[in-house]
Amino acid sequence: MSTQVHATVTEADVEQISAELGEPDWLTETRLEAFEALEALPMPSVIRTPGRDWTNLDALDYEELVDPLEWAEEKDRVEAEGVEVLSWAEALEDHGDLIEDHFGSVVDPQRDYLTALSTALFGAGTVVYVPEGVDAEDVKIRTTMNSRSLFNYTLVVAEKSSSVTILERQHTGEPVEGDQYYSGVVEVTAGENATVQYGALQNLAEDTYNFSIKRGHADTYGTINWIEGNLGSRLTKTSVETRLLGDGSESKIVGAFFGHDDQHFDLASRVWHEGEHTTADLVTRGVLDDTARSVYEGVQDVGEDAWDTNSYQRENTLMLSDDSEADASPKLIINNHDTEASHSATVGQVDQDDLFYMTSRGVDEESATNMLVEGFFVPVLEEVEVDELREDLDALVLERLGI
Amino acid sequence: MATLEINSLHAKVAEEGGERILEGVDLTVESGEIHALMGPNGSGKSTTAKIIAGHPAYEVTDGDVLLHLDSEEYDEEIPEDLQTWDLLDLEPNERAALGIFLGFQYPAEIEGVTMVNFLRTALNAKLEGREELFENDEEAEAEDDEEAGYDTSPMEGAADEGEVSVAEFQQLLKEKMEQLDMDESFAERYLNVGFSGGEKKQNEVLQAAILEPEIAVLDEIDSGLDIDRLQDVSKGINSLRDDQGTGVLQITHYQRILDYVEPDHVHVMLDGQIAQSGGPELAEKLEDEGYDWVREQVYEAA
């Protein structure tokens, strides 16, 4: 690796973090193994389009950014009836076995350099445990980042025939001098016939580098629906993924982003059809202004045994300025012919005929453009079942438009 | 009373070496009049319409497009120096504020923006835009002083949502939709999205009815309409003229709509110019005999 973060972080630091959280030995070991593996691990693969690597993760000065012992956050966890929403220390005490069963089972703790770094150093953590048969709405996890770096880990376990709606928010509290680093790992397990809707709205300060991986496993007739809104950060590297392992399982991945100034978004939505009769729907819409850049990759991977698959993907990026840049790479990999699938991606500017139609009715160009942008996000907002998330996302879009 | 006056209008496609389309159009439309503009495809009818409204795809190389207003337009006293406007100097939304309306041949489909939201925004923008155009600097200053003088203005509250409130607007929209025999559910649908060809045209007439233009230019409002809808749309156009005193410039290929919307004047456009003008009988003759005889007459005379 060109950048060696562990020049400033030691094994003793990892042990100290683990000890402070009162972790069992297996977990301390897992952290130490991840720490040792750093040297050999590659950076997360970035999205490439012909002739271009959009994101250079090696260029970041992790040594400068990462200060794992001095982490500070404010956590607001809102429980719903029947669901346990626990801090990491509480969860370890009450559900040690559950955590041991699931930790690292969905996201490989050593998936890549940045994930392993998160495994070794995370201090903030939340466990959402939804017991069998429980229906719960409005679980909320709000994270306010108050330090140079913050490593956040979330585990969601939804047992058989349960359902839960979770809303996660990240934003920055007290301003910290210099650049910041946020790293978030989310693992979701949806048991047989369980439904998890996980909505995340990232609005971190715009001098924050944000690395995020969210991944779920859906069992038979299980459903995992993701919503991911990205408005904040200077650079975001994120991937939202579902493995449809069980027969009849489903997943929807809905994304929305709005970049301005020199923000950079590297966004992926990925689904693997592995069981039979599975369904996936990937929908992302984004807007870019000023010199912002985005690159999107959507992957629909249909396995050999995935008979009777339905898989759909569409991505649209709207550019408001001549200096913004965007590209998209929708990928459809089909290894079973019994598949109905579609994929499309568009990148374009505001339609001049749409604009003229509106201005000719009396609306000035700026207001007309704002209406078009707000309207552009509507198909995505309509997919959001959580009122608070939809309203917050809409409010952030309006705020960015200056309305 | 308002008059739209087009003098010797020459225009081309706005790009280097762009095709010349208009070769000197002269046309005058007054409030309360209905003009039919006919002519073969490619003669410049739609281009004329778009230039009146300010479409950026065309460049005017010569001539002018003027709007003359009465001293008592919009129920307000208009000083003499603000009675004539050179539309070519104005943005499309400013032209709309003065009372120009273009009904599109192919209305845009705008996803995520409801009819009711768009139309109320447009109506308020039009009223506001008009105020700005007629507000001279002294008045603006006086108004600022006045506002500073009061802690709370009686207009406060309404200012945020515009001159026409949501409730008022919904009532207005409901009435106009009933008149045009449009289903109420259209109000909450996205602008023209998933509308049939006929519904889109009906929607154009509805928008005109709400914005109450001085001059409405309707580009092939009759194409793609079945007979029932043609009657609804015609009723809407007649009502614009009869109830609001709008002057209508109606571009059409067919005599058919003229049976329902009787024109005072009929013009034939050929090769970027008005080649012939007359009364309703001219439209009938065109229906029977086509455009060839006009062409022959024009080129014989030349």
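The values are calculated or read from the model by the stated rules, or taken from the named source; none is laboratory data. What you see is a predicted model; the values in this text were computed from it and never measured. Note: ideal-geometry Cβ built from the backbone for every residue, glycine included; neighbour counts use all protein chains shown.
Does B:Leu90 satisfy the criteria of being at the interface with chain A (Cβ under 9 Å from one of its Cβ atoms) and either of a type outside the set (Gly, Ala, Ser) or closer than 21 Å to B:Lys174 by Cβ (or both)?
no
Per-residue answers, yes or no, for (1) at pLDDT below 95; (2) touching a helix residue (DSSP H, G or I) at 6+ places or on another chain (Cβ under 6 Å); (3) closer than 24 Å to B:Ile51 by Cβ:
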site	(1), (2), (3)
B:Gly247	no, no, yes
B:His253	yes, no, yes
B:Arg256	yes, no, no
B:His267	no, no, yes
B:Ile274	no, no, yes
B:Leu286	yes, no, yes
B:Tyr291	yes, no, yes
B:Glu296	yes, no, no
B:Ala301	yes, no, no
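Among the residues of the stretch A:359-372, how many are within 9 Å of chain B (Cβ to nearest Cβ) and assigned to a helix (DSSP H, G or I)?
Final tally of qualifying residues: 6.
Name the pairs: first residue in the stretch A:156-180 and in contact (Cβ under 8 Å) with a residue 40 or more places away in the chain, second residue part of a loop (DSSP other than H, G, I, E, B) and hydroxyl-bearing (Ser, Thr, Tyr), Cβ to Cβ under 8 Å, at least 6 apart or on different chains?
A:Gln180/A:Ser147
How do the pairs read when you match residues in the stretch A:83-102 that are free of Cβ contacts under 8 Å to residues at least 60 places away in the same chain with residues anywhere that are basic (Lys, Arg) and not in a helix (DSSP H, G or I), using Cβ under 8 Å and keeping only pairs 6 or more apart or on different chains?
What qualifies is A:Val85/A:Arg77; A:Leu86/A:Arg77; A:Ser87/A:Lys75; A:Ser87/A:Arg77.
List the pairs whose first member sits in the stretch A:56-75 and is without any contact (Cβ under 8 Å) to a residue 24 or more places away in the chain, whose second member is surrounded by 14 or more Cβ atoms within 10 Å (Cβ to Cβ), and whose Cβ atoms are under 8 Å apart, counting only residues at least 6 apart or on separate chains?
A:Asn56/A:Val46
What pairs can you find where one residue is in the stretch B:190-207 and among the β-branched types (Val, Ile, Thr), the other is in a loop (DSSP other than H, G, I, E, B) and crowded, with 22+ Cβ neighbours inside 10 Å, and their Cβ atoms are less than 8 Å apart, with a gap of 6+ or different chains?
Qualifying pairs under 8 Å: B:Val193/B:Ile110; B:Val205/B:Ile221.
Residues checked against (1) more than 26 Å from B:Glu132 (Cβ to Cβ); (2) touching a Leu at 6+ places or on another chain (Cβ under 7 Å); (3) assigned to a helix (DSSP H, G or I):
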site: B:Gly42; (1), (2), (3): yes, no, no
site: B:Ala49; (1), (2), (3): no, yes, yes
site: B:Pro56; (1), (2), (3): no, no, no
site: B:Asp62; (1), (2), (3): yes, no, no
site: B:Asp81; (1), (2), (3): no, no, yes
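Each row is one residue, and each column tells you yes or no for (1) in a loop (DSSP other than H, G, I, E, B); (2) at pLDDT 95 or above.
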{"site": "B:Leu67", "(1), (2)": "no, yes"}
{"site": "B:Ile78", "(1), (2)": "yes, no"}
{"site": "B:Glu94", "(1), (2)": "no, yes"}
{"site": "B:Ala97", "(1), (2)": "no, yes"}
{"site": "B:Pro107", "(1), (2)": "yes, yes"}
{"site": "B:Ile110", "(1), (2)": "yes, yes"}
{"site": "B:Leu133", "(1), (2)": "no, no"}
{"site": "B:Glu138", "(1), (2)": "no, no"}
{"site": "B:Glu141", "(1), (2)": "no, no"}
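Considering only residues that are buried (at least 21 other Cβ atoms within 10 Å of the Cβ) and more than 7 Å from chain A (Cβ to nearest Cβ), look in the stretch B:95-117 and name the one that is farthest from B:Arg241 (Cα to Cα).
Among them, the one singled out is B:Met115.
Does any residue of the stretch A:3-22 turn out to be modelled with pLDDT under 85 and either among the basic types (Lys, Arg) or within 30 Å of A:Asp327 (Cα to Cα) (or both)?
Looking for residues that are modelled with pLDDT under 85 and either among the basic types (Lys, Arg) or within 30 Å of A:Asp327 (Cα to Cα) (or both), one finds at least one in the stretch A:3-22, hence yes.
Looking only at the stretch A:143-150, decide whether some residue is among the β-branched types (Val, Ile, Thr), farther than 27 Å from A:Thr278 by Cβ and surrounded by fewer than 21 Cβ atoms within 10 Å (Cβ to Cβ).
yes
Taking the condition of being over 30 Å from A:Gly51 (Cα atoms), surrounded by fewer than 16 Cβ atoms within 10 Å (Cβ to Cβ) and in contact with a His (Cβ under 9 Å, 6 or more places away or on another chain), how many residues in the stretch A:326-351 meet it?
Within the stretch A:326-351, residues that are over 30 Å from A:Gly51 (Cα atoms), surrounded by fewer than 16 Cβ atoms within 10 Å (Cβ to Cβ) and in contact with a His (Cβ under 9 Å, 6 or more places away or on another chain) number 1.
Return the total of residues in the stretch B:9-21 being outside any loop (DSSP other than H, G, I, E, B) and touching an Asp or Glu at 6+ places or on another chain (Cβ under 9 Å).
Residues in the stretch B:9-21 being outside any loop (DSSP other than H, G, I, E, B) and touching an Asp or Glu at 6+ places or on another chain (Cβ under 9 Å): 5 in total.
Taking the stretch B:158-212, which residues are small (Gly, Ala, Ser), surrounded by fewer than 17 Cβ atoms within 10 Å (Cβ to Cβ) and not in a loop (DSSP other than H, G, I, E, B)?
B:Ala158, B:Ala159, B:Ala167, B:Ser185, B:Gly197 - these are the residues of the stretch B:158-212 that are small (Gly, Ala, Ser), surrounded by fewer than 17 Cβ atoms within 10 Å (Cβ to Cβ) and not in a loop (DSSP other than H, G, I, E, B).
Within the stretch A:192-218, which residues are part of a loop (DSSP other than H, G, I, E, B) and surrounded by fewer than 22 Cβ atoms within 10 Å (Cβ to Cβ)?
Within the stretch A:192-218, A:Glu192, A:Asn193, A:Ala205, A:Glu206, A:Asp207 meet the criteria.
Go through the residues of the stretch B:56-64 one by one and say whether even a single one is farther than 24 Å from B:Asp222 by Cα and within 15 Å of the chain's Cα centre (by Cα).
no
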